[in-house]
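Working notes, beginning with the structure itself.
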Amino acid sequence: MNKTCLTLLLACCCGSLAASPAPWWKWRGKIDHSIVCAQTSPGWGWEKAYGPYRDARCEKLIVNK
């Protein structure tokens, strides 16, 4: 392996170590106002209501200090 390939491989590996999971959000339905917890929008009829959260139950809020 030459230096360029090794450097590129090392950079890719190090970048993935610093990544964190996407936050969870409570989404509110625009029609019936029901609430679901998801990382991405459940569809066109939903809007962000609360969040972000650290867990899939939307119980642990992420607090920025």
Open item on the list: Of all beta bridges DSSP finds with both residues in the stretch 21-65, what is the antiparallel percent, to the nearest 5?
Closed with: 100 percent
- [ ] Give, as a single signed number, the net charge of other residues whose beta carbon lies under 13 Å from the beta carbon of residue 58, with Lys and Arg counted +1 and Asp and Glu -1.
- [x] +4
Task: Neighbour net charge for residue 27 - beta-carbon separation under 11 angstrom, K R +1, D E -1 - done: +3
- [ ] For the stretch 21-65, state what percent of all Cα-Cα pairs lands in each successive 10 Å bin, counting from 0 Å until the bin that includes the largest distance.
- [x] 34, 49, 16, 1
Task: Cα-based Lys pair tally, the stretch 21-65, threshold under 20 Å, eight or more apart or on separate chains - done: 4
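Every read-out reported here was derived from the displayed coordinates using simple, explicitly stated rules and does not represent laboratory data. Since the structure is predicted, the reported quantities are computational estimates derived from the model, not experimental observations. Using ideal geometry, Cβ is built from the backbone for each residue, glycine included, and neighbour counts are taken over all protein chains shown.
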